[in-house]
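Below is one structure, written out as structure tokens; the observations come after it.
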Amino acid sequence: MASQIPALPQSFAPGTDSVFSDQSGFHSLDSHVPGLSRVILNKLNMKDYGEYRAAVEGNTKVSFRNYKEMFQKMEETFKFCTGCNKLPEHLTEGETLKRCVKCLNVYYCTKDCQRKDWLQHKKVCKTLRLVAIDRLVEWLMFTGDLPFPTEKWSKSAAEVTNWDDWLPMQGDLTPRLDAILSGGDMAALWKNANRTQPDAADLRQSLWRLQSEFLSRVLTVGMAIQHFGLDPYARPLTVHVAGASHNETMRATATDYDELNHMFPGHQGIEIVMVGPEVVDGPIMRPPLTAFGPRERVFISAYKGLYHQFWEELVEKEEAAKPDLVVGFHPGFHANPGLLQGWLPTLLLLRDYNTPSFFTMYK
Ligand SMILES: [Zn+2]
Ligand SMILES: [Zn+2]
């Protein structure tokens, strides 16, 4: 299996101690477009990956003069020719990178490159158009416009197995979406993004995609609770999210898992402990509970470090409860031998303690 994985450029080759998912992200960037990670770091005025991590963790401030500059820098990280992988600094005199006018998500150095890539690109152009919108609208997660509030459930958890079951319980989403649509942050976004505002229908769908992606993690935990026959009405439950990344923790708030209150109304208390080396400091960074959780409430705590360290430091000393369930979101160890090495102690631990464990994967 290892022989099928292409050789990775030296600069960002993760070692067996590699635990950061964005490091392998940088990697796959470089394996597609050699030098792209360097370009991104330059755009962000950072000298290396270490500085990038420090910024992600909030230890150094990435400062933008204004939103316009922020969106511009974001966009510049996508500027390379999708046809021949040429970066802006390798363009010849008079050449400029031009965006595909349909998706506004990929660039080409020449008409020729675009023509050659079209057979491939036409399969994904429609999807990439939406991706390009989502990438900008995602900013509303930081401003607090997203996620929008949800309604109580009229069905039992067991009756809700997909979005088609969940949606009718919410009534009409349009007023909630339109409130965001007509809000000040949405206006600021398109005033500063380097493109025209998509129409309302596209934006509503984008808002919904981001909201449902956010909620899907919460609902996955709820479904795993049911899958293993755990009963949140009989006793408080402790759920560890192993390998929690900055994706889940960068803008995390104490209410992020409150949909579980709708899912299991009147439960005995559910604690979610985010554990991972990429956990970002914030309001959820507080010690795990050692005794019964607060009834009918979800309590989120966090630990920054590897999962087996968390066990040694807190669980084994009974400073954190043993988990009833461990969940991992897209750990990526099936695709990356470096990450698997990092995860191995965790997987062995879960096996030894016979802990119900639930891992999601990208297809
Ligand atoms: Zn090209
Ligand atoms: Zn396109």
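The values are calculated or read from the model by the stated rules, or taken from the named source; none is laboratory data. Bear in mind that the values here come from a model prediction, so they are computed numbers and not experimental data. All Cβ positions, even for glycine, are placed from backbone atoms using ideal geometry, and neighbour counts span all protein chains on display.
Within the range 266-320, the residues that satisfy the criterion of being free of Cβ contacts under 8 Å to residues at least 24 places away in the same chain and in contact with a Ser or Thr (Cβ under 9 Å, 6 or more places away or on another chain) are M285, R286.
Would you point out the residue of the range 348-363, among those that are hydroxyl-bearing (S, T, Y) and at pLDDT below 90, that is surrounded by the most Cβ atoms within 10 Å (Cβ to Cβ)? Looking at residues that are hydroxyl-bearing (S, T, Y) and at pLDDT below 90, I get T360.
For every residue, the table says whether it meets (1) over 20 Å from R38 (Cα atoms); (2) at pLDDT 90 or above; (3) within 13 Å of ligand 2 (Cβ to nearest atom).
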| position | (1), (2), (3) |
| --- | --- |
| M70 | no, no, no |
| E76 | no, no, no |
| K86 | no, no, no |
| E93 | yes, no, no |
| C100 | yes, yes, yes |
| L104 | yes, yes, yes |
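Rundown of residues vs (1) aromatic (F, W, Y); (2) modelled with pLDDT of 95 or more; (3) closer than 21 Å to N247 by Cα, yes/no style:
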| position | (1), (2), (3) |
| --- | --- |
| A302 | no, yes, yes |
| Y307 | yes, no, yes |
| L314 | no, yes, no |
| A321 | no, no, no |
| D324 | no, yes, no |
| H330 | no, no, yes |
| H334 | no, no, yes |
| G338 | no, no, yes |
| T346 | no, no, yes |
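For first residues located in the range 110-127 and modelled with pLDDT under 95, partners that are away from ligand 1 (no atom under 12 Å from the Cβ) and not aliphatic (A, V, I, L, M) and lie 6+ apart or on another chain with Cβ distances below 6 Å form the pairs C125/K102; C125/C103.
Scanning the range 110-123 turns up no residue that is closer than 24 Å to N247 by Cα, within 16 Å of ligand 1 (Cβ to nearest atom) and of a type in the set (A, V, I, L, M, F, W, C).
As a summary of the residue check, G276 satisfies the conditions (1) in contact with a strand residue (DSSP E or B) (Cβ under 6 Å, 6 or more places away or on another chain); (2) closer than 20 Å to L349 by Cβ; (3) of a type outside the set (D, E) except for the one numbered (1). Counting only residues that are aromatic (F, W, Y) and at pLDDT 95 or above, the range 128-160 holds 1 of them. When the range 61-86 is filtered for residues that are out of contact with any strand residue (DSSP E or B) (no Cβ under 8 Å at 6 or more places or on another chain), of a type outside the set (F, W, Y) and not in a helix (DSSP H, G or I), the ones remaining, listed by number, are K61, V62, S63, R65, N66, T77, C84, N85, K86.
From the list K102, K126, which one is over 30 Å from D256 (Cα atoms), in a helix (DSSP H, G or I), more than 16 Å from ligand 1 (Cβ to nearest atom) and among the basic types (K, R)? Steps first, please.
Working: K102 fails: in a helix (DSSP H, G or I).
Step by step, each of K102, K126 is checked, and only K126 is over 30 Å from D256 (Cα atoms), in a helix (DSSP H, G or I), more than 16 Å from ligand 1 (Cβ to nearest atom) and among the basic types (K, R).
Among the residues of the range 217-237, the one identified as farther than 21 Å from F292 by Cα and exposed (fewer than 13 other Cβ atoms within 10 Å of the Cβ) is H227. If you go through the range 260-277 and keep only what is within 18 Å of the chain's Cα centre (by Cα) and either within 27 Å of T150 (Cβ to Cβ) or modelled with pLDDT of 95 or more (or both), you end up with I272, V273, M274, V275, G276. Checking the stated criteria, T238 turns out to be over 30 Å from R129 (Cβ atoms) and within 24 Å of the chain's Cα centre (by Cα). Here T127 clears all of (1) within 16 Å of ligand 2 (Cβ to nearest atom); (2) farther than 25 Å from Q211 by Cα; (3) exposed (fewer than 13 other Cβ atoms within 10 Å of the Cβ); (4) among the β-branched types (V, I, T) except the condition numbered (2). Right, A320: within 28 Å of M169 (Cα to Cα) and out of contact with any Gly (no Cβ under 8 Å at 6 or more places or on another chain) or not? In short, no. Within the range 109-124, the set of residues being surrounded by 13 or more Cβ atoms within 10 Å (Cβ to Cβ) and either closer than 17 Å to V39 by Cα or out of contact with any strand residue (DSSP E or B) (no Cβ under 6 Å at 6 or more places or on another chain) (or both) comprises C109, T110, K116, D117, W118, H121, V124.
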